[in-house]
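Below is one structure, written out as structure tokens, with a few remarks after it.
The values are calculated or read from the model by the stated rules, or taken from the named source; none is laboratory data. The structure presented is a predicted model; accordingly, all values stated were derived computationally and were not measured. Cβ sites come from the backbone with ideal geometry, for glycine too, and all protein chains shown count toward neighbours. The accessibility values were calculated without ligands, DNA or RNA, using every heavy atom of the protein model including side chains. Shrake-Rupley method; radii C 1.70, N 1.55, O 1.52, S 1.80 Å.
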Amino acid sequence: MSFEDLRKKIIFALDVSEIEEAKRWVRLLKDHVGLFKVGSQLFTHVGPSIIDMIKQEGRDVFLDLKYHDTPYTVANACKEAVKLGVAMYDLHALGGLAMMRQAVSATDTKAREMGIVKPKVLAVTILTSMDKQDILDIGISHAPEDAVLKLALLGKQAGVDGVVAAPQEVKMIRENCGQDFIIVTPGIRTIKDQKDDQKRTLTPDEALRMGADFMVIGRPIRHAKDPLKVIENILKDMEVAQCQKSYGA
Ligand code: C5P
């Protein structure tokens, strides 16, 4: 895989509030990362025009609003996501099988009606900011990785295109859900970074070695003095991991 293919795997988390700041990041990074992730902070402040701005810059969007509601409400929200023309969006697998099934079906139907390529639907398993104690506190007594696998398989059964999961869980999900199942991993930290609120983290090269398709990276780039240098260093590490993987090291 070339340097440019590795670059496409990086999803930059545009976790800012102002459209002008978002625009500065998109212009700076558009030739350096694959996708821009718009989450609840930016979308709540700016609204759908943020998607138009990114698309006008010629880049694709991962709409990360993590839908979790009744099946009917989520299905209608998904139709709106299709209308926005995003490349991928996500929902919580914890919303259950019926919610995910209706989301997938609404997405397919709306995209077909509009004659456009349907966005990829991703199911968030267990947030990477949660550890064993956190999930115990909300009544899930499985180990995080068991809960993640259960939710990933449920997502697959519902027909989602892939999942959002911690890097440590990629190998297990890949083995159980197949090669075509998209795996997006947040919780990426280089060795030098603080973990912030993330608890289940790995470095970008480790995530790649595990078989992640995409990596969401926010603060390690956003808080860097030289964001482009951080990206180039991440890519160099990924390239080494890629070579080691090809040679079976
Ligand atoms: O700044 P950092 O690199 O931790 O960025 C993490 C981003 O990934 C945030 O935008 C967060 O919403 C998102 N995310 C996550 N865990 C998930 C899904 C998405 O941290 N399971």
Kindly evaluate Asp137 against the criterion of being more than 16 Å from the ligand (Cβ to nearest atom), closer than 18 Å to Leu94 by Cβ and open to solvent by 30 Å² or more (accessible area, probe 1.4 Å). yes
Looking only at residues that are part of a helix (DSSP H, G or I), in contact (Cβ under 8 Å) with a residue 24 or more places away in the chain and within 15 Å of the ligand (Cβ to nearest atom) in segment 23-45, which one is nearest to Asp90 (Cα to Cα)? Ser40
Residue ID - modelled with the highest pLDDT, chosen from residues in segment 163-196 that are in a loop (DSSP other than H, G, I, E, B) and basic (Lys, Arg): Arg189
For segment 135-164, how many residues meet the condition of being without any contact (Cβ under 8 Å) to a residue 40 or more places away in the chain and either hydrophobic (A, V, I, L, M, F, W, C) or on the phi < 0 side of the Ramachandran plot (or both)? 16
Among all residue pairs at least 6 apart or on different chains, which show Cβ distances below 9 Å where the first residue, located in segment 110-128, is among the charged types (D, E, K, R) and within 16 Å of the ligand (Cβ to nearest atom) and the second is modelled with pLDDT of 95 or more and part of a loop (DSSP other than H, G, I, E, B)? Lys120/Ala87; Lys120/Val160; Lys120/Asp161
Counted residues, segment 146-173 - those being touching a helix residue (DSSP H, G or I) at 6+ places or on another chain (Cβ under 8 Å), basic (Lys, Arg) and farther than 19 Å from Met215 by Cβ: 1
Are any of the residues in segment 122-130 surrounded by fewer than 20 Cβ atoms within 10 Å (Cβ to Cβ) and over 22 Å from Lys37 (Cα atoms)? no
Does Lys150 satisfy being in contact with a His (Cβ under 9 Å, 6 or more places away or on another chain) and surrounded by fewer than 18 Cβ atoms within 10 Å (Cβ to Cβ)? yes
Hey, among the residues in segment 39-60 that are in contact with a Phe, Trp or Tyr (Cβ under 7 Å, 6 or more places away or on another chain) and under 25 Å from Lys229 (Cβ atoms), which one's least open to solvent (accessible area, probe 1.4 Å)? Ile54
Contact list, first residue from segment 87-102 and among the basic types (Lys, Arg), second anywhere and buried (at least 18 other Cβ atoms within 10 Å of the Cβ), beta-carbon distance below 9 Å, six or more apart or interchain, is Arg101/Pro71; Arg101/Ala158
Tally, over segment 26-42, of residues that are farther than 12 Å from Asp60 by Cα and under 18 Å from the mean Cα position of the chain (by Cα): 6
Tabulated pairs, segment 204-215, first at positive phi, second open to solvent by 20 Å² or more (accessible area, probe 1.4 Å) and of a type outside the set (Ser, Thr, Tyr), C-beta under 6 angstrom, 6+ apart or interchain: Gly211/Arg174
Name the residue that is modelled with the lowest pLDDT, counting only residues in segment 201-211 that are within 13 Å of the ligand (Cβ to nearest atom) and touching a helix residue (DSSP H, G or I) at 6+ places or on another chain (Cβ under 6 Å). Leu202
